[in-house]
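Read through the structure below, which is laid out as C-alpha cells, and then see the notes.
The values are calculated or read from the model by the stated rules, or taken from the named source; none is laboratory data. Owing to the predicted nature of the structure, the values given are computational and were not obtained by experimental measurement. Methodologically, a virtual Cβ is constructed for each residue, glycine included, from the backbone with ideal geometry; neighbour enumeration extends over all protein chains shown. These area figures cover heavy atoms from the full protein model, side chains too; ligands, DNA and RNA do not enter into them. Shrake-Rupley method; radii C 1.70, N 1.55, O 1.52, S 1.80 Å.
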Amino acid sequence: MSANKDKSPCITALKDEVKVHWTTSKCILDHVQILLHFHYFFIAPIFLTPRQAEASNLSQNFVNSCPYCRLLHIELGRMAGLHEAEKINDVGQVHPDDVEEVRNFAMFGSSFGSTKGANSKELDEIHDEIEAKHSRLVARATRGLSFFLLWGSMSGNTINKFLFETIGKFKIGYNALFELIFVIYYGPLFIIISSGKIVFHYTYGNKKGRQEGRLVALFAIWVVLPSFERGFQRREVIMRILYKLRAVINSIDIEF
C-alpha cells in the first residue's frame, strides 16, 4: 500500500499499490461470501439514501481501483447528489457538505475494500457505529452493498488483468485458463456496465436527487438478476449449501 496525501478523514484506508484480482480458489471463496450476503443488497435502496450508498461504493473503489466501477459509480454518485463524486473515488476525499450524512458509510466502504470483505476490528467497529446510529438493517444493507461492489471491482480487475497483462503483455501464468473462462462468462456483463455509464451520463446528465439515485440499485438488479435466476428459484437449497460451505471454510486455517 502507498501513502495518500490530503485525504478526507472519512477514508482511512490506503489505495492498493497493485490492483488485486481473483485466482481460482479466491474467486470461489469470495463468491460464497458474496452470495451469503447478497440478499442484503436488495434492501439497500430502502434503508440507505443514494448518497450513503454511493459514498460507500466510491470509497471502496478508491482502494480497489476498478476502472469499470469508476466509470459507473462516479456517474451514479453525481446523480445521487454527492459533491465532487470523482474525488471520493480518485483521491479519497469526501466533500465537506456530504460528510455529516455519509461519513460512516465512506469509512465502512474504504475499510471493507482494504480487507476485501474479511472481518477486522476496525470494520466491526464502524459496522456497530452504523447500527447504533441508524439500525441493524441499515448496517447489514451497507455490508451487503459492499460485498456486491467487491464482486464488481474484483471482477473488473480480473478481466483487465487478462486483457492487458496475460494477453496484452503475453504473461501466461498458472491463472490464465481461469481468467479466460472468467472473461468469457462475465465479459458481456461488463460491456453492459460500461454502456450504462454512457446512458446515465447523457440521459440524466443534469439531474440529481433521490429519485435518480434509486437507479444505483435498479440498474444493478436489472443487470445481475439473470445470472442468479435459477439460484433464486432454489434459494432454500442453495442457502443451506452455502452456510455449510462457510462453516467448512471457517474451520480450515488455510491461506489462499
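If you take the residues of the stretch 37-96 that are within 28 Å of residue 18 (Cβ to Cβ) and free of Cβ contacts under 8 Å to residues at least 12 places away in the same chain, which of them is nearest to the chain's Cα centre (by Cα)?
87
When the stretch 117-151 is examined, which residues are found to be small (Gly, Ala, Ser) and part of a loop (DSSP other than H, G, I, E, B)?
Taking the stretch 117-151 first, the residues small (Gly, Ala, Ser) are 117-118, 120, 132, 135, 139, 141, 144, 146.
The answer is 117, 118, 120, 135.
Can you tell me how many residues in the stretch 101-115 are open to solvent by less than 10 Å² (accessible area, probe 1.4 Å) and closer than 12 Å to residue 55 by Cβ?
Result for the stretch 101-115: 7.
When you scan the stretch 104-115, do you find a residue that is within 17 Å of residue 62 (Cα to Cα), of a type outside the set (Gly, Ala, Ser), in contact (Cβ under 8 Å) with a residue 12 or more places away in the chain and not in a helix (DSSP H, G or I), even just one?
To start, the set of residues in the stretch 104-115 that are within 17 Å of residue 62 (Cα to Cα) comprises 104-115.
If we keep only those that are of a type outside the set (Gly, Ala, Ser) as well, we get 104-105, 107-108, 112, 115.
Imposing the further condition that a residue be in contact (Cβ under 8 Å) with a residue 12 or more places away in the chain reduces the set to 104-105, 107-108, 112.
Still in the list and also not in a helix (DSSP H, G or I): none.
No, the stretch 104-115 contains no residue that is within 17 Å of residue 62 (Cα to Cα), of a type outside the set (Gly, Ala, Ser), in contact (Cβ under 8 Å) with a residue 12 or more places away in the chain and not in a helix (DSSP H, G or I).
Of the residues that sit in the stretch 132-143 and are more than 19 Å from residue 62 (Cβ to Cβ) and open to solvent by less than 60 Å² (accessible area, probe 1.4 Å), which one is nearest to the chain's Cα centre (by Cα)?
141
Looking at the stretch 158-180, I want the residues that are β-branched (Val, Ile, Thr) and have a partner that is modelled with pLDDT under 90 and open to solvent by 60 Å² or more (accessible area, probe 1.4 Å) with Cβ atoms under 9 Å, at least 6 apart or on another chain. Which pairs are those?
Every condition considered, the pairs that remain are 166/172.
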